[in-house]
Each structure stands twice: as structure tokens, then as C-alpha cells.
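Peer 1: Please see the structure below; I have some questions.
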There are 2 protein chains.
Amino acid sequence: MVTLSEVARHARVTAATVSNVLRNREKVRPETAERVLQAIAELGYRPNLNARALAQGRSSTLALMLSNIANPFYPEFVLAAERAARKSGHFLMVCNTDDDAQIGRAYLNQIAGTFADGVLVMNTDIAMNELCISAMHNGPILLAMWEHPEKPPALPCVAVDFAQAGALAAKHLLELGHRKIGMLIGDGCGGLQDARSDGFRAALAAGGVACATAQMQVRDSIDAGHEACVTLMKKHPQLTAIFASNDLLAIGAIQALIGMGRAVPHDVSVIGITDIALAHQVRPALTTVAIQTAAVAELSISRLIQLIDAPVQVPSMAIGPPPELVVRDSTGPCKARASG
Amino acid sequence: MVTLSEVARHARVTAATVSNVLRNREKVRPETAERVLQAIAELGYRPNLNARALAQGRSSTLALMLSNIANPFYPEFVLAAERAARKSGHFLMVCNTDDDAQIGRAYLNQIAGTFADGVLVMNTDIAMNELCISAMHNGPILLAMWEHPEKPPALPCVAVDFAQAGALAAKHLLELGHRKIGMLIGDGCGGLQDARSDGFRAALAAGGVACATAQMQVRDSIDAGHEACVTLMKKHPQLTAIFASNDLLAIGAIQALIGMGRAVPHDVSVIGITDIALAHQVRPALTTVAIQTAAVAELSISRLIQLIDAPVQVPSMAIGPPPELVVRDSTGPCKARASG
């Protein structure tokens with residue numbers, strides 16, 4: 001194997017100059033750099049870059065592990081997280097665990113403490129004790145988009161008040177006069193979205209509506225939301241509103257209602273949670289509760305960098321900005337109110 | 001700094017055992033592993049994992065650099081590529097370059113030859129000569145989704161016959177009797193989609209239609225497609241069909257037409273290229289030309305792994321499966337045919 005010293009001899013420069021050429025060519029005069037590159041090509045030298053990373057210390061790279069990149073919420077989080085990381089001089093690598101705890105574990109073992117100085121973990125189904133062991137051995141892990149601010153986890157996290165998001169959706173439907181309400185509750189990408197549905201139910205109860213008329217657990221996707229909405233409406237044709245625990249399900253529900261000849265929002269109102277880009281792009285545009293994805297991504301990156309720079313013993317929780325109702329065209333007054 | 005040997009002494013085991021515990025705990029008896037983990041915790045040992053990666057040699061990690069993770073085509077490619085990589089025992093890290101050549105370059109310098117044994121590059125705006133220099137110094141680079149199979153690049157690639165995709169779209173509209181056709185040509189995520197529009201134009205000409213009635217360059221997004229379609233239809237209200245060089249633009253065009261009171265496909269037909277998941281999820285479901293994203297992703301991963309295992313001097317091009325027309329509900333016969 002050709003060594004760096006041999007390249008240096010061949011190019012009649014010092015090893016440090018070869019190293020400079022490989023790392024940062026601005027420092028070296030163009031003719032010299034040219035000679036070094038020539039020597040590298042002639043000798044077939046392949047720099048041992050793991051050694052280089054080792055010599056330089058800090059790799060300045062963060063990793064983001066997420067469960068399902070095909071769910072459009074995640075790419076939106078990635079985009080904001082990557083921009084925030086870069087602003088702070090860090091790179092962000094993304095690992096898709098494909099909704100599989102085994103794969104998540106394998107990625108974590110592969111990257112934590114090696115490629116990545118710190119890892120953001122989002123809904124990956126990896127057991128908390130495994131994450132804790134990895135954090136102990138391999139460096140900081142931060143849980144992004146923790147759904148239960150009332151129950152802080154054993155690791156640092158950025159939480160979002162999803163119960164409040166559910167409550168805002170319920171209040172909106174109640175104010176519009178809806179009483180016969182169906183629920184589609186997402187189950188996927190890190191488990192059942194129960195904080196959202198609990199918050200929704202509690203707000204309905206506070207508004208004097210005992211509970212939702214009908215509910216179904218649904219895997220997170222437009223197709224699944226479509227199918228579930230057809231089943232729900234066949235069984236409960238009297239529903240005047242549907243709450244979905246995320247926007248994908250809500251968009252699928254709108255498509256299903258249109259397909260069944262039920263106008264949205266004239267016959268049935270639909271509301272989601274998240275505010276993915278698609279929410280304003282579909283027709284009718286989706287009323288939803290925005291969880292401020294970009295702001296939560298930025299906060300998560302900034303907390304992770306703090307953890308890397310100054311590790312703490314006690315896990316701490318930061319809460320993202322409060323969810324906000326975004327009224328668009330998929331919700332309207334309940335026509336059947338008088339008879340409700 | 002605590003060393004591995006100190007941990008071994010403290011736990012009364014050999015350094016090799018500590019190493020086994022850190023790498024692969026199945027090999028060590030549970031009591032022993034427990035004692036080692038205890039020692040690690042007590043001494044505050046942090047394994048030097050860059051050194052570990054170095055000792056083990058091959059990191060078995062591939063990287064995928066792409067321009068815009070928020071465009072749903074990319075997450076679909078990522079999902080298929082990650083699954084294919086994993087089947088071959090490789091990890092896949094994703095880097096989003098945010099449509100910025102500077103950022104792409106920085107990521108490439110950061111990962112090529114260090115974290116990643118090989119890099120897939122997709123529409124990143126990094127200059128070809130920079131990619132070639134990186135490939136020479138840092139190991140294999142493969143260009144995925146090369147749009148011009150008639151012009152092989154200076155690096156290995158997997159190409160898709162996008163001109164053929166455009167031609168299939170044109171033939172479909174011609175067969176439906178359309179003659180007054182508008183075009184929305186995507187410009188973003190790696191440049192103008194000219195292979196697609198050239199193929200479309202050539203097939204129109206072969207069908208006796210001199211050229212599209214009207215065309216616009218549009219940034220790749222639903223919102224941009226929406227806006228451009230409004231402009232196009234105001235200027236050319238006689239159009240009976242719209243070809244968009246990708247599905248996002250086509251979906252935006254459908255939304256715009258509905259908003260303007262033009263029924264799709266009754267008044268205006270719309271066709272796209274790609275077949276992203278959203279194409280079958282919107283209403284009306286989008287007629288499009290499928291470019292077999294998953295198959296192209298799998299082929300790209302398999303060629304990259306071949307390159308890593310047996311580097312070649314001569315760049316070679318593989319062609320992905322041929323594009324296929326997928327007829328759904330957004331295209332129909334031209335009503336104005338007699339008067340056209």
C-alpha cells in the first residue's frame with residue numbers, strides 16, 4: 001500500500017504539504033498542489049481517511065434517525081434540521097430505519113460515537129433502555145418530537161404538546177356546531193398517536209360532548225386514511241365531522257368523502273394535525289393544527305449541539321412552540337346542528 | 001483520558017473482551033458483559049470509535065447525496081435505496097444539499113472516503129470535474145438518475161430514458177385527440193428537465209403537431225405548478241391538455257384548473273412524469289409516465305457496490321427499466337377535436 005510519505009517523496013514536498021493538499025488546497029501554491037495530485041494519481045495513493053478523521057478529532061457531524069422517510073412530515077423536518085445544523089457548522093446525516101427497531105439499532109451502533117457526534121432520534125421503535133446504553137457509551141442522543149411533555153423520558157428531548165393540538169382541533173369542531181364526530185387515529189411511525197386523541201377526547205368532554213361517535217386506528221398514510229374513512233362513513237353515515245390525528249389521514253379522508261359523493265366541508269368537515277406542505281396544496285385545502293415542524297427541528301438541533309458541547313448528567317426536556325389552529329377550506333358549520 | 005486497557009484491568013478481563021463487549025455483546029457471557037459495562041460507567045470511559053472503525057477497515061456505509069429532500073420523489077428513492085443497501089449488508093446515509101452546489105461540495109468533502117465507501121449523487125449541481133476529482137481521491141461516485149443516456153457522463157451512472165418518458169406522454173395525448181397542448185417544464189433539483197420536454201416535442205412533431213401551443217419553465221413544486229398553470233390558462237384559454245415534466249407540477253396544475261372552474265379531464269387533460277405515490281392519491285388520480293423509481297434506486301445501489309468491490313478505470317453506464325405510461329383519471333378524449 002502506498003503511503004503518504006511516498007507521495008511526499010515522489011512530489012518532492014513534505015508529508016505536511018501532501019496532507020494540506022488533501023485537506024484544504026487553498027493553503028498550498030497551485031503548482032505544488034498540481035505536483036502532489038500528479039504524484040497521488042501516479043502512485044495510486046488512497047488516503048486513509050479514517051485515520052485523518054481520527055487525527056482531526058471532532059467530525060462535526062450530527063445524525064438524524066427517523067422511522068419513515070416516505071411520510072412527508074419527515075422530509076420537512078429533515079430540511080429544517082439540516083439547515084439549522086449547517087448554520088451551526090455541522091453536517092447532518094439522515095438514517096431511515098424503515099419502521100423497524102432492528103434496523104434502528106443497527107444504524108445506531110454503526111453511527112453513534114463514530115460518524116456522528118450526536119444523534120437525534122425520532123419515532124424509531126428502539127427501546128428506551130437501548131437508547132440510554134448507547135447514549136452512555138457513544139455520546140449524546142436527543143429525542144425529537146417527544147409526544148408526552150407530561151412524562152419526560154430518560155433522555156434529553158424536545159417535546160411537543162400534542163394533547164393541546166388535539167384539544168384545539170376539538171374546540172374548532174365544537175365551535176362549528178359539530179356533535180357527531182369520527183376519529184381516525186394514526187398508528188405507525190413510532191406508535192399510536194394517543195396524546196393527540198386523548199387531548200381531542202378531553203376537549204370534547206369539556207365541551208359537553210361525551211365522546212367521539214366512532215373511531216378507528218389507522219396506519220399513517222393517505223391510502224390508509226382513505227380506506228378507513230370509507231369504512232367509518234359506511235358504518236356511521238350520520239357523522240358531520242372527522243378528526244384525523246395527522247394530515248395524511250385527513251387528506252385520505254377528504255379524497256374518500258369526495259369519492260363517496262359527500263362534499264367537504266358542506267356535508268362533512270375534516271381536520272388534521274401537523275400542517276405538512278401538502279395540507280395547503282390539496283383541494284379543498286386542509287384545516288389543521290400546525291405543530292411548527294421547522295421550529296421544533298431547529299430547537300432539536302440547537303439542544304443536541306449544546307449536549308455535545310457540554311454533556312449533562314440530568315436529562316432535560318425542552319418544549320417546542322405551542323400548536324396553532326390553521327383554518328382553511330375543509331371545515332365549515334354543521335348544517336345538521338338543529339337536529340343534532 | 002481513560003483507556004480501554006484500564007477498563008479491562010478494572011473489570012478483570014482482557015482488552016479483547018472489552019472490545020468484544022463494545023462491538024458485539026452476544027460473544028461475551030452476560031455476567032462478564034455486565035462487569036465490563038459497569039467498569040465503563042465507573043471510569044467514564046468513552047471508546048475512541050474512529051480508531052475502532054479504522055481497526056475494522058471497511059465501514060460498509062454508502063452515502064446518497066440529493067438536492068431537495070422536500071420533493072417527494074427523493075424520499076421514495078431514498079426508501080428503495082436504503083432497503084437495497086441493507087439487503088447487501090450496507091448502511092445508507094442521506095445528505096440533503098438543499099439545491100446548493102456549495103453545500104453539496106462541503107458534504108462530498110466531508111463524507112467521500114471517510115464515512116462512506118461510495119457515494120450516489122443525484123441532481124446536486126456539483127460540477128462534473130469536482131465529482132471526478134473526488135472520485136479519483138476518495139473512492140467511487142455513481143450518478144443516479146442520469147437524464148441523458150445518449151450522452152454518458154465522465155463518471156459511472158445509472159441513466160433513465162427521460163426522452164422516452166416525454167414521448168410516451170405526447171403519444172397518449174395525441175391518441176386522445178389533443179392538439180392544443182401546454183407544457184410546464186420543471187427547472188430545479190439539478191436543472192431544466194429538457195430531456196423530457198425534448199422527447200415530448202419530438203413525439204408531437206412525429207404525430208404531425210408542430211409544437212406545443214404554449215410552454216413555461218417552472219420550479220419543481222406543487223405551488224409553482226399551480227401558479228404557472230393559472231398564468232398559462234389565462235394566456236391560452238383554448239388549451240385542452242397540459243403536459244408537465246414531473247408529477248408535482250401536474251398535481252399543482254390540476255388544483256389550479258379545478259380552482260378556475262375547468263373540469264379535469266372533461267375540459268382539460270393533465271399528464272405528468274415520475275409516478276410518485278401522490279399521483280395515485282390525489283383526485284382525480286394523475287395519469288403519468290412511471291420512471292420506476294424503486295427499480296432505478298436498486299440498480300444504482302447494486303452498481304455502486306460493484307464499483308466499491310472492483311473499481312474500474314472506464315466509467316460505465318447502466319440504463320434503468322423503460323418508462324411506462326400509467327393511465328388514471330386526469331386524461332380523457334379531447335372534446336374540441338372536431339373544431340381543433
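The values are calculated or read from the model by the stated rules, or taken from the named source; none is laboratory data. This structure is a prediction, so every number in the text was calculated from the model and none was measured. With ideal geometry, Cβ positions are generated from the backbone for all residues, glycine too; neighbour counts draw on all protein chains shown. For accessibility, only protein heavy atoms count, side chains too; no ligands or nucleic acids. Shrake-Rupley method; radii C 1.70, N 1.55, O 1.52, S 1.80 Å.
Peer 1: List the pairs whose first member sits in the stretch A:222-239 and is assigned by TED's automatic domain parsing to the domain that holds A:Gly259 and under 15 Å from A:Arg179 (Cα atoms), whose second member is among the hydroxyl-bearing types (Ser, Thr, Tyr) and open to solvent by 10 Å² or more (accessible area, probe 1.4 Å), and whose Cβ atoms are under 8 Å apart, counting only residues at least 6 apart or on separate chains?
Peer 2: Cβ pairs passing all conditions: A:His236/A:Thr213; A:Gln238/A:Thr213; A:Leu239/A:Thr213.
Peer 1: Taking the conditions exactly as written (in a helix (DSSP H, G or I), without any contact (Cβ under 8 Å) to a residue 24 or more places away in the chain, assigned by TED's automatic domain parsing to the domain that holds A:Ser302 and crowded, with 24+ Cβ neighbours inside 10 Å), does A:Ala135 satisfy them or not?
Peer 2: yes
Let's see how each residue does on (1) under 19 Å from A:Gln281 (Cβ atoms); (2) more than 18 Å from the chain's Cα centre (by Cα); (3) open to solvent by 10 Å² or more (accessible area, probe 1.4 Å); (4) not basic (Lys, Arg):
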residue: B:Thr231; (1), (2), (3), (4): yes, yes, yes, yes
residue: B:His266; (1), (2), (3), (4): no, yes, yes, yes
residue: B:Val270; (1), (2), (3), (4): yes, yes, no, yes
residue: B:Asp275; (1), (2), (3), (4): yes, no, yes, yes
residue: B:Leu278; (1), (2), (3), (4): yes, no, yes, yes
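Peer 1: Assuming A:Leu64 fulfils every condition listed in (1) facing chain B (nearest Cβ under 10 Å); (2) at pLDDT below 85 apart from one, which condition is it?
Peer 2: Status for A:Leu64: all satisfied but (2).
Peer 1: Any idea which of (1) open to solvent by less than 10 Å² (accessible area, probe 1.4 Å); (2) modelled with pLDDT under 85 is the one A:Tyr107 doesn't satisfy?
Peer 2: (2)
Peer 1: Something else about it: Look through B:Ala167, B:Ala203 and report the one residue that is open to solvent by less than 30 Å² (accessible area, probe 1.4 Å) and in contact with a Lys or Arg (Cβ under 9 Å, 6 or more places away or on another chain).
Peer 2: B:Ala203
Peer 1: Here's a check for you: in the stretch B:88-97, which residue that is more than 7 Å from every other protein chain (Cβ to nearest Cβ) and open to solvent by 10 Å² or more (accessible area, probe 1.4 Å) is farthest from A:Ala106 (Cα to Cα)?
Peer 2: Taking the candidates together, the pick is B:Ser88.
Peer 1: Kindly check whether there is at least one residue in the stretch A:174-182 that is assigned by TED's automatic domain parsing to the domain that holds A:Val218 and either without any contact (Cβ under 8 Å) to a residue 60 or more places away in the chain or part of a helix (DSSP H, G or I) (or both). Steps first, please.
Peer 2: Let us first name the residues in the stretch A:174-182 that are assigned by TED's automatic domain parsing to the domain that holds A:Val218, namely A:174-182.
With the extra rule that they be either without any contact (Cβ under 8 Å) to a residue 60 or more places away in the chain or part of a helix (DSSP H, G or I) (or both), the set shrinks to A:174-175.
Yes, some residue in the stretch A:174-182 is assigned by TED's automatic domain parsing to the domain that holds A:Val218 and either without any contact (Cβ under 8 Å) to a residue 60 or more places away in the chain or part of a helix (DSSP H, G or I) (or both).
Peer 1: Sticking with this one: From the list A:Asp117, A:Asp161, A:Asp100, exactly one residue is buried (at least 19 other Cβ atoms within 10 Å of the Cβ), charged (D, E, K, R) and within 14 Å of chain B (Cβ to nearest Cβ). Which is it?
Peer 2: When all the criteria are applied, what remains is A:Asp117.
Peer 1: Any residue in the stretch A:4-31 that's of a type outside the set (Gly, Ala, Ser): show its pairings with residues that are modelled with pLDDT of 75 or more and not in a helix (DSSP H, G or I) at Cβ separation under 8 Å, as long as the two are six or more apart or on different chains.
Peer 2: Within 8 Å, the pairs are A:Thr17/A:Val28; A:Asn20/A:Val28; A:Val21/A:Val28.
Peer 1: Please verify whether B:Ile308 is among the β-branched types (Val, Ile, Thr), open to solvent by 40 Å² or more (accessible area, probe 1.4 Å), more than 30 Å from A:Pro284 (Cα to Cα) and in contact (Cβ under 8 Å) with a residue 60 or more places away in the chain, treating the condition exactly as stated.
Peer 2: Criteria not met by B:Ile308.
Peer 1: Which of (1) open to solvent by 20 Å² or more (accessible area, probe 1.4 Å); (2) assigned to a loop (DSSP other than H, G, I, E, B); (3) under 30 Å from A:Gly332 (Cα atoms) does A:Lys151 not meet, given it meets every other one?
Peer 2: (3)
Peer 1: Please go through the stretch A:237-252 and pick out each residue that is among the β-branched types (Val, Ile, Thr) and within 14 Å of another protein chain (Cβ to nearest Cβ).
Peer 2: A:Ile251
Peer 1: Assuming B:Ala85 fulfils every condition listed in (1) of a type in the set (Gly, Ala, Ser); (2) more than 9 Å from every other protein chain (Cβ to nearest Cβ); (3) without any contact (Cβ under 8 Å) to a residue 40 or more places away in the chain apart from one, which condition is it?
Peer 2: So B:Ala85 meets the others, but not (3).
Peer 1: For residues in the stretch B:80-92 being modelled with pLDDT under 95 and not charged (D, E, K, R), which is nearest to A:Val78 (Cα to Cα)? Reasoning before the result, please.
Peer 2: Pass one, the stretch B:80-92, residues modelled with pLDDT under 95: B:82-92.
Next cut, not charged (D, E, K, R) only: B:84-85, B:88-92.
Numbers: B:Ala84: 22, B:Ala85: 21, B:Ser88: 26, B:Gly89: 25, B:His90: 22, B:Phe91: 18, B:Leu92: 15 Å.
Checking each candidate, the answer is B:Leu92.
Peer 1: Return yes when A:Ala127 is of a type outside the set (Val, Ile, Thr) and either in the same structural domain as A:Gly191 (by TED's automatic domain parsing) or surrounded by fewer than 24 Cβ atoms within 10 Å (Cβ to Cβ) (or both) and no when it is not.
Peer 2: Numbers: of a type outside the set (Val, Ile, Thr): yes; either in the same structural domain as A:Gly191 (by TED's automatic domain parsing) or surrounded by fewer than 24 Cβ atoms within 10 Å (Cβ to Cβ) (or both): yes.
Yes: the conditions hold for A:Ala127.
Peer 1: Hey, another quick one. Run B:Pro75 past the list (1) under 20 Å from B:Val296 (Cα atoms); (2) within 8 Å of another protein chain (Cβ to nearest Cβ); (3) open to solvent by less than 10 Å² (accessible area, probe 1.4 Å); (4) in contact with a strand residue (DSSP E or B) (Cβ under 8 Å, 6 or more places away or on another chain) and report the number of the one that doesn't hold.
Peer 2: Exception for B:Pro75: condition (4).
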